[in-house]
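Chemist: First, the structure itself, so that you have it in front of you.
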Amino acid sequence: MRAVFSFALIACLGGAELACSGSSSSAPSASDVNLVIGGLSTAFPGSSCTREFPGTRGVTGTTLFLTFTFSAPQGNLTGGRVQLLQTYNAGDADTHTFAIPSEFLTMSGTTSGTIRVGACPRYNDATVSMETLTLFDAAGHSSNGLTVSLTKPAGAL
């Protein structure tokens, strides 16, 4: 009898909490809120843009599209945001936030799909930028981060 009780206790501690506790919780599990992003691609379409961010508002930059896939099991991205950290090899860094929805962001899908943000980097004397994206849902949960290193395209500002 003692050996059987020990085995049951180990099974409960090993992950079968619902069967052992006899109750369930209405709170979402980690897998229900787990935002995941991947498949980052970038494109410089060859056009200039006007920076809209404080500190550099009105300055001309180079249009950059960053596109990635997402999985958001709760589907609550409206009211969330995409955060972009741009770090340049000349020592400058910018953090930009794109609201969902916004004029600088397009999205397909609700619980999974793609998101494209239109950034406007200004390289100045830098030759390389590191672009790091993170997705946040409306409740403030964050995804993993994606980072890509980009070489300043010919003619970029």
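Chemist: Can you compute log10 of I(q)/I(0) for the stretch 56-118 with the Debye formula, treating each Cα as one identical point scatterer, at q = 0.17, 0.27 Å⁻¹?
Modeler: Values returned for q = 0.17, 0.27 Å⁻¹ are -0.66, -1.27.
Chemist: Moving to a separate point now. Give me the one-decimal nm value for the distance between modelled label points at S48 and T114, 7 Å along each residue's Cα-to-Cβ direction.
Modeler: Here the modelled spin labels are 2.9 nm apart.
Chemist: If each of S142 and Q74 carries a label point 7 Å out from its Cα toward its Cβ, how far apart are those two points in nm?
Modeler: 1.6 nm
Chemist: To continue, here is another question. Per q in 0.13, 0.15, 0.19, 0.20 Å⁻¹, report the Debye log10 I(q)/I(0) for the stretch 31-157, using one uniform scatterer on each alpha carbon and no solvent.
Modeler: One equal scatterer on each Cα of the stretch 31-157 leads to -0.51, -0.66, -1.01, -1.10.
Chemist: Compute the signed sum of charges (Lys and Arg +1, Asp and Glu -1) over the other residues within less than 9 Å, Cβ to Cβ, of L84.
Modeler: -2
Chemist: Can I ask one more? Rounded to the nearest percent, how much of the accessible area of the stretch 77-122 (1.4 Å probe, protein heavy atoms only) is carbon and sulfur?
Modeler: Carbon with sulfur: 47 percent of the solvent-accessible area.
Chemist: On average, how much accessible surface per residue is there in the stretch 46-85, in Å², for a 1.4 Å probe, leaving out ligands, DNA and RNA?
Modeler: 45 Å²
The values are calculated or read from the model by the stated rules, or taken from the named source; none is laboratory data. Note that this is a predicted model, so its numbers are computed, not measured. When we count neighbours, we look across all protein chains shown, and the Cβ atoms used for this are built from the backbone with ideal geometry, even at glycine. Quick note on the areas: whole protein, heavy atoms, side chains included, nothing else; ligands and nucleic acids left out. Shrake-Rupley method; radii C 1.70, N 1.55, O 1.52, S 1.80 Å.
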